[in-house]
Ligand SMILES: C[S@@+](CC[C@H](N)C(=O)[O-])C[C@H]1O[C@@H](n2cnc3c(N)ncnc32)[C@H](O)[C@@H]1O
């Protein structure tokens, strides 16, 4: 039985209220394909049965699962390539120069999904900036979804996932085969601290990051939500730090406090000097 308009409306409202994600009104098919496995796992007879239970239940656990199932977790190692060229050639050399006295570097990777993005960064630091060995390097990666965080912490990827963007020499150097999958080396995994964080709620203490990545998640939010997240990121970012957004994202018309760094197709921003 397909979902009624009221079922879909309930799901759209829930996802918007709890995650800020705006789903177009014609996403009934997406809702059904994403929620069917959840209904089966939960032992419900149908998606409708699960939604009725979710609406009546005083417990938030099922509602959280529904929201997680509706998030898009698409990611890959070295996603879009150019941002990582910019990190290697411009952003990190500049930050290392500025932090040479303190010997401390703080990075926050928001909406990190299954971990390919922060692990790419960790491998990049290890490969190209050996001088960081004696530094206090803090890589914090967060996401709203506890499922993707568990996968990220495990650092175990399928052949398809490592084929997407991970250069063969890095696969050979930092991964070992475990059955059909590839497991990331413990010392790289330990470089990243994965924590739950919902971008539309109050953020826990994230320190004062030198570099903030919020890539490929603002696209799911409405304009006031994008503005709010960018403003909060601007306030915690060190004044001489950097922000990185995804390919289809910009601060333009959303936050005047940022200006784009001139590095083509990299989505790098810094604070505008006043
Ligand atoms: C498309 S992935 C992007 C992954 C990675 N940043 C990249 O660019 O490859 C979007 C991620 O945002 C997360 N997300 C969605 N809404 C969120 C929210 N309100 N707070 C935190 N994370 C959220 C999803 O769980 C998903 O893992």
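Just checking: which of the helices (runs of 4 or more DSSP H) contained wholly in the range 110-221 hold 3 or more residues that are within 16 Å of the ligand (Cβ to nearest atom)? It would help to see each step written out before you state the result.
Details: elements: 116-128, 146-154, 159-163, 168-174, 186-189.
Fully inside the range 110-221 and qualifying: 116-128, 146-154, 159-163.
Name the single residue, out of those in the range 247-266 being touching a residue at least 40 places away in the same chain (Cβ under 8 Å) and within 21 Å of the chain's Cα centre (by Cα), that is surrounded by the most Cβ atoms within 10 Å (Cβ to Cβ). Spell out how you get there, then give the answer.
So the first thing to find is which residues in the range 247-266 are touching a residue at least 40 places away in the same chain (Cβ under 8 Å), and the list is 247, 261, 263-266.
Of the ones still in play, those that are also within 21 Å of the chain's Cα centre (by Cα) are 247, 265-266.
Details: 247: 15, 265: 12, 266: 23.
It comes out as 266.
Residue 63 versus (1) over 23 Å from the mean Cα position of the chain (by Cα); (2) outside the structural domain of residue 128 (by TED's automatic domain parsing): which is the lone unmet condition?
It is condition (1) that residue 63 fails.
Exactly one condition in (1) away from the ligand (no atom under 12 Å from the Cβ); (2) surrounded by 16 or more Cβ atoms within 10 Å (Cβ to Cβ) is false for residue 103; which is it?
Against the list (1) away from the ligand (no atom under 12 Å from the Cβ); (2) surrounded by 16 or more Cβ atoms within 10 Å (Cβ to Cβ), residue 103 comes up short only on (2).
Of 37, 58, which residue is assigned to a helix (DSSP H, G or I) and over 30 Å from residue 137 (Cβ atoms)?
Values: 58 fails: assigned to a helix (DSSP H, G or I).
Among 37, 58, only 37 is assigned to a helix (DSSP H, G or I) and over 30 Å from residue 137 (Cβ atoms).
Yes/no matrix, rows are residues, columns are (1) without any contact (Cβ under 8 Å) to a residue 40 or more places away in the chain; (2) assigned by TED's automatic domain parsing to the domain that holds residue 230; (3) surrounded by 17 or more Cβ atoms within 10 Å (Cβ to Cβ); (4) in contact with a helix residue (DSSP H, G or I) (Cβ under 6 Å, 6 or more places away or on another chain):
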position	(1), (2), (3), (4)
154	yes, yes, no, no
158	yes, yes, no, no
188	no, yes, yes, yes
192	no, yes, yes, yes
197	no, yes, yes, no
201	yes, yes, no, no
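The values are calculated or read from the model by the stated rules, or taken from the named source; none is laboratory data. Quick caveat, the model's predicted, so the values are computed rather than measured. Note that each Cβ is placed from the backbone with ideal geometry, even for glycine, and that neighbours are counted across all protein chains shown.
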